[in-house]
Structures are given as structure tokens and as C-alpha cells.
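Following: one structure in C-alpha cells, then a few remarks.
The values are calculated or read from the model by the stated rules, or taken from the named source; none is laboratory data. It should be emphasised that the depicted structure is a prediction, and the values quoted were computed from it without experimental measurement. Here the Cβ is made from the backbone with ideal geometry for all residues, glycine too, and neighbour counts use every protein chain on show. Accessible surface is based on the protein model in full, side chains and every heavy atom, while ligands, DNA and RNA are left aside. Shrake-Rupley method; radii C 1.70, N 1.55, O 1.52, S 1.80 Å.
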Amino acid sequence: MGIARKYAVIDPVTGKIDRSIFSDQAIYDDEMDKIFGRAWLMIGHESLVPAPDDFFHTYMGEDPVILTRDTEGRLHPLLNMCRHRGNRVCRVDDGNAKRFMCTYHGWTYRNDGALEYVPGESEAYYGALDRASLGLIEARVETYAGIIFATWAKDAPSLEAYLGDARWYLDTVFNRRDGGMQALGPMKWLEPVNWKPLVDNCSDNYHVPTSHLSSARVQTRYLGRPRLSHEDQFASPNRHAFVNGHSITFRDADDNMPRYVHGMSSETMPLFQEYHEATMPEVERRLGAFRAHRVQLGNHSIFPNGILGLRLALPRGPLKTEFWHFVVVDRDMPEDLKRVIRIGSQANNGAAGMFEQDDVDNWRQVTEASTRSLGRRHLQDLSMGIGHAGAHPDYPGLVSERYISENNQRLFYGRWQEFMNAESWADIPLDPIKARFDGLATIRG
Ligand code: FES
Ligand SMILES: [Fe+2]
């Protein structure tokens, strides 16, 4: 066994962080064990495998995983690696199959992972093969409102404890309707970036009026969106909150307006308003009056690599990230509204989306700065708003005073460090669940 590395990459007093975490291969390799081998990872959505024997091919970190629904309807995240020599036993993105056959020597697995058939089991192996112990490696699985999470860690806490009070906010999108949500996609592409800057960007609203100026001008001119300015952002009553590594931004929506999503324009707004008002009694019943009327989830990330809804930042080396973009919509939403959201989402945050292109360039520059010997000697500065966050009487988690703050970024890298320095889950602290979850919605939906 090697000597455990100890990380001290962020100074919580000054907010300075060591840039080497964005490009160092040894740190990246350690992340695959300590973070992606340990955390609950978002891997898909129940709507991607709705029927018995459906499967969807996904990833946990770099490891390929077949997410199956067996004939009895149970979910199984199975490592896509034949237990014989290691070939992938599934080579397609999704489908419906009761079995997966390895195309090297023909070992065949059931969709619950069991090794069912080995060519020449009695002749070649003389009946001595312990077939029962050679099923596909299976991760633990749990769901939250239809979103499927998995972990390799036997000692991980429950998903409920892992999400903690972040679920109080996440419910306002993902647990809104009785019929649940539906995932469309994913659109996939590669970015020349480390996976962390794009996760920390989910709470960075400071960049919006600068980085997205041209995109915002287009939206103002052609879609009737309000003009964006730094002044508005600084004076915004919106908030940042942080729980267990999960970064939340949200709006205190005291105005009967629907939550902002891409696809809204002066033309489509009446559709959104009508839907918002028609569904409000149901939302109130599910989430209680306060959350239904007042809390609107904004940009957010779920530790470690779930970003802005059901979007995944899949690490592919320290300098590369595979991006999976799903659009999630209420299953029982009118089809014309689903279409408006799907097109709006792609136009802004898809591979060629106006906002996405601005963002990718930022993340690439942050990553590249960490690869240069001189640049690496100078620490990144995340000092904004130090000392201006704490408990809040109405909102759970650690809440920053202003919408524009680097509180969530500091805490995200602090959480990264807790995982990287832990020997096991026993060393990783979890905030107790304190929020009151009014309404009928549960973690299962
Ligand atoms: S590697 Fe799969 S059957 Fe041999
Ligand atoms: Fe952005």
C-alpha cells in the first residue's frame, strides 16, 4: 500500500487555491479512487429504462457501467467488464436485453449481473469454475425523484443523508409533479477542460454579465429578456446555499412568476405562466406553501459532478471532460412546452449553445493556466465574500449574504479536500438533515 497523500490545496482564510489540482495526473488518479470510487454519483434517470429488461449505458467516473432494469423491474448498475479477461460485454448506448454476451470467449451474463453461461464450463474448466462468484461487479443504487444514483462504496451513507438538506431546494424542480420527470437526451461532447472548474461555475453568477454579454444582448433584442447588468446581480435578492458539497443558487420568488428556463421569450411566456398557475395547487400539495411559492432553484451542482439539472461532467483525464447534457421536463407537461424547453436548452446550453460556448472557453483557460510552470506558482484567488455566509432562519444550509459570492466555490474545493484526505467514509462529515420537508413529496418521488 502506498502512503496516503495529504492535500492542503485551499486556504479557507484567504480563499487561495493551488492550481495543480486542475492538471496534475497523480492528483487526478487519486480523484478516481477517493471521489469517484466513493461518492454517490448521478448516473441516469428512471425514464431512460422504463420497461423490464431495458438498459442504458453510462459511466461512474471513467468506469463504463450498464444501468439495467431486470425482468422483475429492479435497477442494477453493472460494471461493463467481463470477469474473465475484461472486455466490455455491452457495446451500445441503450436497448432492451435479458442477457449480455462477451464477444471474446462467450461468457454470458443475465441483466441482473449473474454469470449464466460459460462455454466449456465442464470440459475446459473441469467443472471447477466458481461461476457464482464471477457475476458482473455491481454498485449500490438508490433513486431520488426518478434520478438514479450509484456508489461503489459499501460504507457510504444513504442517498438521503448524502443529499441532506440540498433536497429541500432540489425538490422544487425535480419533485414538483405527481407524474415525475422525463429525461431527454443526452447530447454528448468532449471539452478540453478539467472537470472541476465547470462544477464550481454552477455557482458563479459573477461571470454572467461579462462572459455572456453578447448572448444576453441577443436574448434582450430578440427574445424580450431583461437587460443584464452587474448592478442587478449585486443587488439581487437571490441566494447561494451550500450543503454536503452540493452548491445551490435560488431565487426568492415572491411574485407568482414561473422559474426561468431557456426557451422563455416574450412570445412563449404566456404558455409558461399558464402552466405555472395551473399546476401550483399540485405543487403546493407536494412541497408545502413556502417552497411552492417562494423557492425557485437556479444554477446548482450535486457533488461531485452533477451540474445544472441532469447534466454530467465525466472526467476523461486531467485535461479532458466528457459532457452529457440531458434536458429534464415534467412528464405531464404539455408537449408544446416540452418542445420549447428542449429547443431553448439546446440553443443555450447544448454543444453549440450560445452560453455554453462562452463557458467552455473560460473553463479551458482556467485549466490551461494550471499547466504552465510560472502560472502554477501563483495561487487562484477565491476570496469573494469571505465571512459573509452563515445559517439563515428560512433557508437550510450555509447561506451566503449575497447572490454574488465565492462561498460555494471555497466550500466545493473544501469538500473535495475532505474526500481526498479521508481514509474511508468514516472521515467524511455530513451535515444533519434539519430542514422541514412540508408536503407529500418523498425522496422516492
Ligand atoms: S474476456 Fe469475456 S469471455 Fe473471455
Ligand atoms: Fe456561464
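Full extension of the chain between Y222 and E123 yields a length gain of 28.4 nm, computed as 0.36 nm times the residue separation minus the alpha carbon distance. Hey, got a sec? Which trypsin sites (Lys or Arg not before Pro) in the range 304-392 land in a DSSP loop and have at most 12 other Cβ atoms within 10 Å? Passing both the DSSP loop test and the Cβ count: R372. Charge dipole (Cα centre; +1 on Lys/Arg Cβ, -1 on Asp/Glu Cβ; no other charges) of the range 214-344 amounts to roughly 560 debye.
Between R436 and R140, the simple label model (points 7 Å from Cα in the Cβ direction) yields a spacing of 3.1 nm. Extension gain for the segment S229 to D332, taken as residue separation times 0.36 nm less the Cα-Cα distance, is 33.5 nm to one decimal. Size descriptor for the range 226-303, Kirkwood hydrodynamic radius: 14.1 Å (Cα pairs only, one decimal). Taking Cβ atoms as reference points and 11 Å as the exclusive limit, the residues near T279 contribute a net charge of -3, counting Lys and Arg as +1 and Asp and Glu as -1.
How much of the accessible area of the range 102-194, in percent, comes from carbon and sulfur atoms when a 1.4 Å probe is used? Solvent-exposed carbon and sulfur of the range 102-194 make up 54 percent of the total. Accessible area per residue for the chain is 44 Å², calculated with a 1.4 Å probe on protein heavy atoms, without ligands, DNA or RNA. What percent does the relative contact order of the chain come to when contacts are Cα pairs within less than 8 Å and at least six residues apart? Relative contact order here is 24 percent. Here the extension length gained between H207 and D252 equals 14.1 nm, from 0.36 nm per residue of separation less the Cα-Cα distance.
Placing a pseudo-label 7 Å from each Cα along the Cα-to-Cβ vector at T71 and I386 gives an inter-label distance of 6.2 nm.
Where Lys and Arg each count +1 and Asp and Glu each count -1, what net charge lies around A166 among other residues with Cβ under 14 Å from its Cβ? Its environment carries a net charge of +1. Dividing the summed -39500 (n - 2.57) terms of all DSSP H runs of n ≥ 4 by the residue count of the chain sets its mean residue ellipticity at 222 nm at -8500 deg cm²/dmol. Per atom type, the range 215-291 shows carbon and sulfur on 54% of its accessible surface, probed at 1.4 Å. Provide the FRET efficiency to the nearest 0.05 for the D33-A289 pair, computing r from the beta carbons and using R0 = 56 Å. About 0.80, to the nearest 0.05. Against the chain, whose longest principal axis is taken from its Cα atoms, helix 335-349 shows a tilt of about 90°.
Starting from the Cα gyration tensor of the range 319-405, take the square roots of the eigenvalues, sort them a ≥ b ≥ c, and report rounded, prolate or oblate (rounded when a/c is under 1.5, otherwise prolate if a/b is larger than b/c, else oblate). Since a/c reaches 1.5 but b/c is at least a/b, the shape of the range 319-405 is classed as oblate.
Under the convention that each Lys and Arg Cβ holds +1 and each Asp and Glu Cβ holds -1, the size of the dipole of the chain around its Cα centre is about 500 debye. Per-residue accessible area (protein heavy atoms, 1.4 Å probe) orders K196, K34, K154, K6 as K154, K6, K34, K196, starting from the largest. Rounded to the nearest 0.05, what FRET efficiency do A352 and A426 have when you use their Cβ-Cβ distance and R0 = 35 Å? With R0 = 35 Å, the Cβ-Cβ based efficiency is 0.15. Restricting the calculation to Cα atoms, the chain yields a radius of gyration followed by a Dmax of 22.6, 77 Å.
Hydrodynamic estimate: the Kirkwood radius of the range 99-138 over Cα pairs, inserted into Stokes-Einstein at 10 °C and 1.306 mPa s, corresponds to D of 154 µm²/s.
Near Y260, once Lys and Arg are set to +1 and Asp and Glu to -1 for all other residues with Cβ below 10 Å from its Cβ, the sum equals +3. For the range 1-53, the Cβ-based charge dipole about the Cα centre amounts to some 300 debye (Lys, Arg positive; Asp, Glu negative; other atoms uncharged). Distance between the 7 Å Cα→Cβ label points at D361 and K188: 2.8 nm. Under the rule a/c < 1.5 gives rounded, and otherwise a/b versus b/c splits prolate from oblate, where does the range 355-445 land using the Cα gyration tensor? Prolate shape, in that a/c is at least 1.5 and a/b is the bigger ratio. The largest accessible area among D361, D232 belongs to the first residue in D232, D361, and the rest follow in falling order (1.4 Å probe, all chains). Taking the range 20-48 and a reference point 7 angstrom along Cα→Cβ of R88, the backbone N atoms nearer than 19 Å belong to 43-45.
For the range 394-445, what class follows from the C-alpha gyration tensor (a ≥ b ≥ c being the square roots of its eigenvalues): rounded when a/c is under 1.5, otherwise prolate if a/b is larger than b/c, else oblate? Verdict is oblate for the range 394-445.
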